[in-house]
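Where a number appears in this text, it was derived from the coordinates with a stated rule and is not lab data. Remember, it's a predicted structure, so these values are computed and weren't measured experimentally. Reconstructed Cβ throughout: ideal geometry from the backbone, glycine too, with neighbour counts over all protein chains shown.
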Amino acid sequence: MIRFTNVNMTYADGNEALRNLNLHIAQGAMVYITGRSGAGKSTLLRLIALIDRHTRGQIIINGQNLDRVRNNRIPLFRRHIGFMFQDHRLLQDRTVFDNVGLPLVIAGYRHQEIRKRVQAALDKVSLLPKINSYPMSLSGGEQQRVGVARAVVHRPAILLADEPTGNLDPALSWDTMKLFEQFNQVGVTVLIASHDLDMIKRLQKRIITLKSGRILTHAGTPMEKQAQTNETG
Amino acid sequence: MPERQWKNKRRLMKPVNKRKNTRPNTSFKSELKRRFDMWLLQHLQAFIFSLGQFAKYPLSSLLTSAVIGISLALPASFYMLFDNVRFVSSSWDGSVQVTLFLQTEINDEQAATFANKLKDNKNINETTFIKRADALAEYQKLSGFADALNALDENPLPNVILVKPELNNINESDTEALIKELEAMPEVDAAQYDSQWFKRLLYLLDIVNRVIIILSTLLAVGVLLIIGNTIRLSIYNRRAEIEITKLFGGTDSFIQRPFLYSGLWYGAFGGIIAWLLIGISMQLLRGPVKQLANLYASDFQLIGLGFFNSLLLVGTGIALGLFGSWISVKRHLRDIDPV
Ligand SMILES: Nc1ncnc2c1ncn2[C@@H]1O[C@H](COP(=O)(O)OP(=O)(O)OP(=O)(O)O)[C@@H](O)[C@H]1O
Ligand SMILES: [Mg+2]
């Protein structure tokens, strides 16, 4: 569950990225965040992951008030979150296996367990044959899927994706979004920031449109209600 | 999609917090053990990973270690040299003795009786008579000037008596008085007492000791700087990795661990290289020193590092390596934020 109450985010240089934002996303929901460049999409995701701290208001993630999460607790907090980026950010000098396994190594899993889970995650994105390749030898779409595998390998409660399809052709973008939907179906809360309004509309999920740090429109709420009943049941 | 495969995927994607709730209530003890195991595992991973980084860039790792090794070997070998000199001088310390050069007219028999007579003096503990012929023979044997000495018709050396003063009497004025008394005797040409240069040697050793301390400190700072800079570079080379690790919940200690271990490896290898350098130098010096010692009729041998000092040397390398990387990590990891 994600709840923003009157949240303001002003960067150190005075940029007001979010203004008085109110937002509720139920556990297990799938939400697209859209808006023009500079609207505050990335900022919203950064606040959820405690990469930056909001300057006013209250944010509650899975029952945890972010104001109460001390800096030395941030790493543990982030282990419940998975990340995806437009520029996938894989480590070029590590194999696909090492890249995908990183969140598990961080969490201190044993090698057998890591191997098992990495294989399962790569299988899910149909990249198991590439497990020992280096990112350099993969196509852009494949690299992006390795990024997806890394984002879910540690079974996060929340998956945050910032422009995950920015570099992909329409077909691959669609596949990637469908992949996210599959993760959402097993209970992961998914937040995706994206420019691609046409595609998002076809996906029939809740869409939050930001403009200059405020919520402009909300669309597709029925999905959220469904998710809420899931949560209580 | 086959049913079995799908189930597998469901398990994969189950969120973390749900899994935790369903976990049977683990006892405090087993939780503690789990955490300890994890801690040990992560240390082992960092340990091996940092060693792997060494193997990956063998040349640059070796160069850095070699610079550290030389920086450690310099003060260490000075200390060793110092130790050896002090050892030699301490053996002189107990045998303060006066050398009496007799008049050339005194023949061997007269000299021997004179030596015996001296023993009666209450300030004298012992006397040793060295015949001029024996002195010459020994000198010829050891000095390598045999031919030159043979060319002389006459033995140029006088008879010599070594006088050991009564031990409880060696204070400055008493020895001075004894020398005056001995010098006044008609049989004696000259009496020589080595206290002055011995004292000078002690002062000199003290100065050398301080120079070594200053030098060691400077070189230790140098080692810290080298290691700190090397670690700083590798932190910036692995910036992307650090950012991603932070983003996926790596704690500061998790992130800094491989860098600390790298520092440890640099220090350890540097220490081992220093140890090797000193060992090789020792082997090179052993022969000549032995010959020199023979010249002084001494069975002195170079004192090596020994087990304890070898450990100390490598340990110092490790400590400096850890400390240098720790400083660097504290300074530079903070600059890196995720995303
Ligand atoms: N680190 C930062 N320091 C200062 N200002 C920032 C920082 N990051 C973002 N901003 C500002 O905050 C506002 C929102 O930025 P944000 O990155 O959230 O936009 P966005 O919606 O993700 O845009 P885009 O679609 O281009 O990625 C912008 O005006 C931006 O200039
Ligand atoms: Mg953005």
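Going from the fewest other Cβ atoms within 10 Å to the most, the residues B:326, B:39, B:275 appear in the order B:39, B:326, B:275.
Taking 7 Å steps out from each Cα toward its Cβ at residue B:41 and residue B:56 produces label points 2.2 nm apart. In order along the stretch B:122-137, the Karplus-derived 3J(HN,Hα) couplings, from 6.51 cos²θ - 1.76 cosθ + 1.60 at θ = phi - 60°, round to 6, 8, 10, 8, 8, 10, 10, 9, 10, 5, 4, 5, 5, 4, 5, 4 Hz, and Gly and Pro are given as x. Spatially, the stretch A:4-76 and the stretch B:266-336 are offset by 55 Å when compared through their Cα centroids. Between residue A:202 and residue B:49, the distance separating the two model label sites (each 7 Å from Cα on the Cα→Cβ line) works out to 4.1 nm. Computing FRET efficiency as 1/(1 + (r/R0)^6) for residue B:133 and residue B:276, where r is the C-beta to C-beta distance and R0 is 56 Å, gives about 0.70. For helix A:170-185, what angle does its Cα long axis make with the longest principal axis of chain A, in degrees from 0 to 90 and rounded to 10? The angle comes out at about 80 degrees. A run of chain A free of exposed loop cleavage sites, with trypsin sites (Lys or Arg not before Pro) counted only in DSSP states other than H, G, I, E and B and at most 15 other beta carbons within 10 Å, reaches its longest extent at A:111-233.
Using only alpha carbons, the stretch B:43-157 has a radius of gyration to Kirkwood radius ratio (Rg to Rh) of 1.40. Taking the number of Cβ atoms within 10 Å of each Cβ as an exposure proxy, the fewest-first ranking of A:85, B:87, B:300, B:248 is B:87, B:300, A:85, B:248. Using just its DSSP H runs of length 4 or more, each adding -39500 (n - 2.57), chain A gives a mean residue ellipticity at 222 nm of -11000 deg cm²/dmol after division by all residues.
For the stretch A:11-77, pairs of C-alpha atoms spaced more than 18 angstrom apart make up 41 percent of the total. In plain terms, the bigger the Kirkwood radius, the slower the diffusion; for the protein assembly as shown, with that radius from Cα pairs, at 37 °C and 0.692 mPa s, Stokes-Einstein puts D at 107 µm²/s.
In the structure shown, do any of A:130/B:33; A:116/B:33; A:124/B:330 have a Cα-Cα gap over 30 Å, and if so which?
Numbers: A:130/B:33 36 Å; A:116/B:33 23 Å; A:124/B:330 40 Å.
Beyond 30 Å: A:130/B:33; A:124/B:330.
Cα-based radius of gyration for the stretch B:98-192, normalised by 2.2 N^0.38 Å, reads 1.19. Listed values for the stretch A:47-52 are Karplus-derived 3J(HN,Hα) couplings in whole Hz (6.51 cos²θ - 1.76 cosθ + 1.60, θ = phi - 60°), namely 5, 5, 8, 6, 6, 10, and x replaces Gly and Pro. Counting only Cα atoms, the size of chain A along its three principal axes is 47, 44, 41 Å, in decreasing order.
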